[in-house]
1. Within the bounds of the stretch 54-66, is there any residue that is outside any helix (DSSP H, G or I), modelled with pLDDT of 95 or more and over 17 Å from Tyr157 (Cα atoms)?
2. Report, ordered by the first and then the second residue, all pairs with beta carbons closer than 8 Å, sequence separation of six or more or different chains, a first member in the stretch 179-201 that is more than 20 Å from Gly84 (Cα to Cα), and a second member that is assigned to a helix (DSSP H, G or I) and among the small types (Gly, Ala, Ser).
3. Looking at the stretch 150-165, can you tell me whether even one residue there is of a type in the set (Ser, Thr, Tyr) and either over 23 Å from Val22 (Cα atoms) or free of Cβ contacts under 8 Å to residues at least 24 places away in the same chain (or both)?
4. Restricting the stretch 17-53 to residues that are outside any helix (DSSP H, G or I), out of contact with any helix residue (DSSP H, G or I) (no Cβ under 9 Å at 6 or more places or on another chain) and not acidic (Asp, Glu), which is nearest to Gly102 (Cα to Cα)?
5. Only residues that are under 15 Å from the mean Cα position of the chain (by Cα) and modelled with pLDDT under 95: list them for the stretch 67-98, please.
6. In this structure, does Asp93 turn out to be touching a strand residue (DSSP E or B) at 6+ places or on another chain (Cβ under 7 Å) and among the charged types (D, E, K, R)?
7. Looking at the structure I just gave you, is Glu120 within 13 Å of the chain's Cα centre (by Cα), over 20 Å from Lys158 (Cα atoms) and not small (Gly, Ala, Ser)?
Amino acid sequence: MAEVAVAQTADARQPAQGPAEVITEVTQRVMEVVAEANTYFDQDPDRYFDAIDQALAQLVDWRGFATAVMGEFYSRGRSLDAEGQAVLKAQRDRFAGTLREGLIRSYAKGLLAFGGASMEVQGVEASPQSARIASVTQLVYGEADRVYTIRYQMGQYKDGKWRLRNLIIETINLGEIYRNQFSALARAADDDLDQVINGWNAAIVEQYEEMERD
């Protein structure tokens with residue numbers, strides 16, 4: 001028991017990983033999953049999606065991302081009574097699950113296309129507003145000497161751990177695009193958030209297909 005207590009104390013004293021270390025470690029874990037997936041993906045794709053989800057589980061703040069995407073439609077909750085706020089929080093949590101499912105599948109399929117591409121963390125940029133906010137830049141080396149830039153916008157939480165709050169791929173700000181899409185869908189649905197959430201992933205797929213046709 002004493003040995004266990006000493007080990008736990010030593011772990012508690014270890015400093016939390018910095019944002020760049022977190023991204024590097026998660027990237028290595030994800031690429032190991034991708035490399036192994038070539039042996040079973042065609043027969044069991046859900047196994048691959050689940051493995052990617054598990055690799056990202058501690059990195060992404062899904063509820064925080066969902067809150068940001070809902071934007072003004074979530075912040076309106078301040079004016080609601082207790083029952084209304086409870087309903088809105090339940091909608092936010094359900095939306096977080098919907099976002100997680102859709103993004104994991106899109107991200108996982110994209111990773112398969114890159115296959116053996118190498119990734120390198122280039123640097124960390126601290127936010128001038130807060131020491132708990134930082135942006136990690138990662139370079140992805142694709143085919144034909146093509147280099148893609150990914151920026152992970154990170155936040156440090158009360159437990160000291162850094163988690164992903166938003167993602168920018170090249171010039172595409174995922175959080176901003178999703179927030180605009182949510183706003184447009186909500187207004188088209190007369191602010192029926194359940195309708196928006198139920199049709200979210202299908203709407204995003206349709207939007208991607210339109211972008212590819214253009």
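1. No, every residue in the stretch 54-66 fails to be outside any helix (DSSP H, G or I), modelled with pLDDT of 95 or more and over 17 Å from Tyr157 (Cα atoms).
2. Arg179/Ala68; Gln181/Ala203; Leu185/Ala203; Trp200/Gly102; Asn201/Gly102
3. No - not one qualifying residue is present in the stretch 150-165.
4. In this case the residue turns out to be Gln43.
5. Answer for the stretch 67-98, where residues must be under 15 Å from the mean Cα position of the chain (by Cα) and modelled with pLDDT under 95: there is none.
6. No; evaluated as a whole, the condition is false for this residue.
7. no
Okay, residues lined up against (1) under 19 Å from Val26 (Cα atoms); (2) loosely packed, with under 13 Cβ neighbours inside 10 Å:
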{"position": "Tyr152", "(1), (2)": "yes, no"}
{"position": "Gln156", "(1), (2)": "yes, no"}
{"position": "Gly160", "(1), (2)": "yes, yes"}
{"position": "Ile168", "(1), (2)": "yes, no"}
{"position": "Leu174", "(1), (2)": "no, no"}
{"position": "Ile177", "(1), (2)": "no, no"}
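The values are calculated or read from the model by the stated rules, or taken from the named source; none is laboratory data. This structure is a prediction, so every number in the text was calculated from the model and none was measured. Positions of Cβ are generated from backbone atoms using ideal geometry, with glycine treated the same way; all protein chains shown enter the neighbour counts.
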